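Colleague: One structure, as structure tokens, below. Some questions next.
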Amino acid sequence: MASNAAVPFWRTAGMTYITYSNICANLVRNCLKEPYKTEALSREKVHFSISKWTNGKPEKPTIRSDSSEE
Amino acid sequence: MAMAALRREGRRFAPLISPRPITAVRSSPPALSHEDEGPIGVRYVSTQVVRNRMKSVKSIQKITKAMKMVAASKLRAIQTKAENSRGLWQPFTALLGDLPSVDVKKNVVVTISSDKGLCGGINSTSVKISKGLHKLNSGPEKETKYVILGEKAKAQLVRDSKKDIELIITELQKNPLSYTQVSVLADEILKNVEYDALRIVFNKFHSVVSFVPTVSTVLSPEIVEREAESGGKLGDLDSYEIEGGETKGEILQNLSEFQFSCVMFNAVLENACSEQGARMSAMDSSSRNAGDMLDRLTLTYNRTRQASITTELIEIISGASALEG
């Protein structure tokens with residue numbers, strides 16, 4: 001249990017720093033007031049299609065399309 | 001009188017000689033849709049064919065002009081974003097340096113390209129540089145893998161580097177580009193790919209006519225440690241004070257992930273700018289070529305028209321003189 005470095009809670013939960021900062025940014029965006037809030041949330045949309053290849057063969061592509069990071 | 005005779009003779013010869021515009025609809029296309037041999041062995045193309053060609057070239061010219069304007073407006077929108085994003089990775093380069101000559105075992109080449117075509121040669125140059133990097137970094141116990149963004153690079157790299165491909169990502173530009181999108185993407189790459197050094201290949205946007213292919217290198221935290229020990233720019237890392245109770249290894253890992261995300265963001269934006277700029281210049285030269293083609297076709301059309309009129313006249317006059325004579 002004791003480790004030399006104090007690893008932050010999110011690192012032990014398996015998140016990378018990028019995921020952590022995206023969640024924090026989403027929390028900040030949710031604190032905005034109404035007209036700016038919808039504008040900011042519309043900037044957050046994510047959409048791409050990713051396909052992992054093993055040994056020269058593609059697997060089925062998955063579409064990663066979430067409207068916001070939660 | 002003479003004109004009436006001319007017109008009557010003209011109609012009789014209609015199937016052989018090119019028809020007047022009014023009778024164009026009634027004339028039979030098959031007889032005219034290939035090169036006709038005139039009476040004296042004069043070969044000329046039917047004006048019907050030339051006219052159709054001119055119509056299609058003109059509409060192509062209009063389309064390419066419209067595409068150029070669309071690309072110009074998209075470029076304006078993205079350019080400010082790209083220039084603002086340059087400030088994100090510059091501190092990282094100042095701190096950690098950009099070492100393209102680093103010698104590592106596991107290289108991953110991230111090739112950034114566009115999904116749509118008609119944008120000149122930028123995708124081919126990116127793929128050429130990626131292949132060059134692959135060759136440069138191959139050797140005993142060294143391996144290079146590809147992560148491909150965009151349909152165009154996928155089409156080229158799938159042909160001969162199938163077994164080295166790790167991930168393919170497409171449909172990136174469906175929503176306007178934002179940091180959130182690119183960071184989620186970077187996260188996926190970090191989770192799925194083992195790497196010692198990531199080399200990102202993209203086209204840097206210097207100006208509307210110049211797109212320079214560049215490579216940015218992001219190192220994994222272990223390699224940063226190793227390089228720090230060997231001195232040089234990274235050796236100064238120890239002189240920085242670390243606050244907040246984290247260790248140096250911790251910080252390096254966070255920094256490395258964030259660096260990758262920032263560099264990817266900038267690379268994707270710059271590549272998008274280059275794509276729009278290249279499309280603008282490609283469509284511009286295409287419109288100009290279409291204009292040249294139209295000029296040449298107009299000359300051919302007029303020449304053909306005049307030749308057919310002359311031939312008709314000759315026949316009528318020789319027929320008339322034969323009758324008299």
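The values are calculated or read from the model by the stated rules, or taken from the named source; none is laboratory data. Since we're looking at a predicted model, the values are computed, not measured. We place every Cβ from the backbone using ideal geometry, glycine too, and count neighbours over all the protein chains shown. All accessible areas refer to the heavy atoms of the entire protein, side chains included, with ligands and DNA or RNA removed. Shrake-Rupley method; radii C 1.70, N 1.55, O 1.52, S 1.80 Å.
Colleague: Looking at this model, which pairs from B:K74/B:K105; B:K135/B:K191; A:K52/B:K174; B:K74/B:K128 are more than 30 angstrom apart at the alpha-carbon?
Modeller: B:K74/B:K105
Colleague: Counting alpha carbon pairs within less than 8 Å and at least 6 residues apart, what relative contact order, in whole percent, applies to the range B:90-226?
Modeller: 31 percent
Colleague: Measuring with a 1.4 Å probe in the full set of protein chains, what accessible area per residue, in whole Å², belongs to the range A:2-66?
Modeller: Dividing the accessible area of the range A:2-66 by its residue count gives 65 Å².
Colleague: Add +1 for every Lys or Arg and -1 for every Asp or Glu among the other residues with Cβ under 9 Å from the Cβ of B:S287, and state the total.
Modeller: After counting each charged neighbour, the total is +3.
Colleague: A further question on this structure: How well do other chains shield peptide B:179-190, expressed as the mean number of their Cβ atoms within 10 Å of each residue Cβ?
Modeller: 6
Colleague: Moving on to the next point. For B:V110, what charge total do you get from the other residues with a beta carbon under 11 Å from its beta carbon, if Lys and Arg give +1 and Asp and Glu give -1?
Modeller: +1
Colleague: Roughly how big is the A-B contact, given as buried accessible area in Å² (both sides, 1.4 Å probe, nearest 100)?
Modeller: The buried area between A and B, both sides summed, comes to about 2700 Å².
Colleague: Please give the residues of the range B:179-208, grouped as numeric ranges, whose backbone N is less than 17 Å from a label point set 7 Å along the Cα-to-Cβ vector of A:W10.
Modeller: Of the residues in the range B:179-208, B:179-191 have backbone N under 17 Å from the label point off A:W10.
Colleague: Okay, moving on. When ranked by the protection proxy of mean other Cβ atoms within 10 Å per residue, highest first, what sequence do the peptides B:90-103, A:31-44 form?
Modeller: Ranked from most to least packed, the peptides come out as B:90-103, A:31-44.
Colleague: With the full set of protein chains in place, find how many percent of the accessible area of the range A:2-66 is carbon and sulfur; take the probe as 1.4 Å.
Modeller: The value for the range A:2-66 is 60 percent carbon and sulfur by accessible area.
Colleague: Using the heavy atoms of the protein chains and a 1.4 angstrom probe, tell me the accessible area per residue for the range B:174-325 in square angstrom.
Modeller: 46 Å²
Colleague: For B:I251, put the label point 7 Å out on the Cα→Cβ axis and report which residues of the range B:74-111 keep their amide N under 13 Å from it.
Modeller: Counting only backbone N, you get B:95-96.
Colleague: Okay, moving on. Ordered by packing density, taken as the mean number of other Cβ atoms within 10 Å over each peptide's residues, highest first, how do B:198-206, B:47-55, B:266-274 rank?
Modeller: Most protected by this proxy first, the peptides run B:266-274, B:198-206, B:47-55.
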